[in-house]
Amino acid sequence: MASPRLETFCCPNRDPATEFITGFQPQLFSGICSCSAALSLAFTGLQLLPKHRPFRHGPPHKPASSLRILFIISVCDLLACAGMVVRSSVWLGFPDLISRISAGNSTDVWPQVFCVGGAMWIQLFFSASFWWTFCYAVDVFLVVKRSAGISTIVLYHMITWGLTLLLCVEGLAMLYYPSISSCENGLQHAIPHYVTTYAPMLLVLLVNPVLFTRTVSAVTSLLKGQQGIYTENERRLGSEIKIRFFKIMLVFVICWLPNIINESLLFYLEMQDDVKAGDLKNVRNAALITWFIMGILNPMQGFLNTLAFHGWTGLNVDFSRQRRRELPWDSASTSLAGGYTPVAGSTLLYQSHVQEIKKNLSTNGQQQPSDAISVLSEDSESSTVEIHISSEQREFEDVKPNRASLEISSG
């Protein structure tokens, strides 16, 4: 799991609160973490594998940048879970490793190197997952505001990996000053590490709901502005968008809120003269409960995220060669073209599908749209949100009602 206490644990002269929480049933805790991470690793990998889907006609198209962002989030979760499995397995297989870290033997540095390396690996990829989740909210908002371009995905890479590496290295450097085997005592030298750990997490918790809310409002305003009406179809679609964003935030809150509660309790214990005082029994019990909850829920973020992004993709894995170059999953799409018709399967609405909708409209005796205001073109890499607003041709003074087609993917 991602907790700054695990990095602090690598110091031989760790603080009493860290000693208390990490010293309680370490074998049981490592076993829980290992099992939870292994399950998440297996099911997340299963979700990402290519599945059998109905064949789509038309030329291949590049996936939208938000689809790539969701895929990167899942990869970061996978790598973090892999680190948790390795670290917990080693701690279970070599229980004397912990005692060798606590002894502070300067001649045997490998236990501390493994401790710091494993903790940094897990922290790095979970922090990257936080930053990418924030970038996803920014991306869908910018797309609706028509401010995103093809180059934004490159900017997201620079921001996420740059900030992740910078904050992790800076926090660990302050924590392990002047050396791993001789960390400074007290809270002051550890505070920068705790800040760099929880800053991206709090950013997602506080800012993403605002961005998601404004995105939904912008989509609603766009539909009203172009059609002049807000029918039941648009209401249902807006409600589905809200539910998708709500699921993403719900998973994040469930998986990471215990970390904030646990850290608050441990900071309170750390400020006391004696963490084992009788009047602090309830605080210690609450800290232990949230500690074990963290060990279960933190690694499960990967699998729960894939469910929030795409739903259950099934067990019908497709290993055929022609599927290998495609993304393992595309996002579910919803289109409005004279009615609310969810597209069968979990597919991204590419240009070929848009053309098929237009063909169907023509077959039904309706004129093909004469103009389209698109937040993104079908070939753009900028987003999962694509809005096509079309109007029928106007003849002389007869103005016919506009028709709208809004395509939004869950990824």
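Brief remarks follow.
- Residue match in the stretch 174-187 (condition: among the aromatic types (Phe, Trp, Tyr), open to solvent by 30 Å² or more (accessible area, probe 1.4 Å) and at pLDDT below 90): yes
- Restricting the stretch 26-40 to residues that are out of contact with any Gly (no Cβ under 7 Å at 6 or more places or on another chain) and under 17 Å from residue 101 (Cβ atoms) leaves a set whose member that is surrounded by the fewest Cβ atoms within 10 Å (Cβ to Cβ) is 27.
- Residue satisfying all of: in the stretch 79-100; part of a helix (DSSP H, G or I) and open to solvent by 40 Å² or more (accessible area, probe 1.4 Å); nearest to residue 26 (Cα to Cα) among these: 92
- Within the stretch 296-313, the set of residues being in a loop (DSSP other than H, G, I, E, B) and either in contact with a strand residue (DSSP E or B) (Cβ under 6 Å, 6 or more places away or on another chain) or closer than 16 Å to residue 125 by Cβ (or both) comprises 313 only.
- Selection over the stretch 213-262 of residues that are modelled with pLDDT of 90 or more, among the polar types (S, T, N, Q) and open to solvent by 60 Å² or more (accessible area, probe 1.4 Å) gives a count of 1.
- Tally, over the stretch 107-119, of residues that are open to solvent by 20 Å² or more (accessible area, probe 1.4 Å), more than 15 Å from residue 183 (Cβ to Cβ) and not charged (D, E, K, R): 4
- Considering residues of the stretch 289-312 that are among the aliphatic types (A, V, I, L, M) and open to solvent by less than 20 Å² (accessible area, probe 1.4 Å) only, the residue farthest from residue 24 (Cα to Cα): 308
The values are calculated or read from the model by the stated rules, or taken from the named source; none is laboratory data. What you see is a predicted model; the values in this text were computed from it and never measured. FYI the Cβ positions are ideal-geometry reconstructions off the backbone, even for glycines, and counts take in every protein chain you see. For the accessible areas, the whole protein counts, side chains as well, though only heavy atoms, and no ligand, DNA or RNA atoms are used. Shrake-Rupley method; radii C 1.70, N 1.55, O 1.52, S 1.80 Å.
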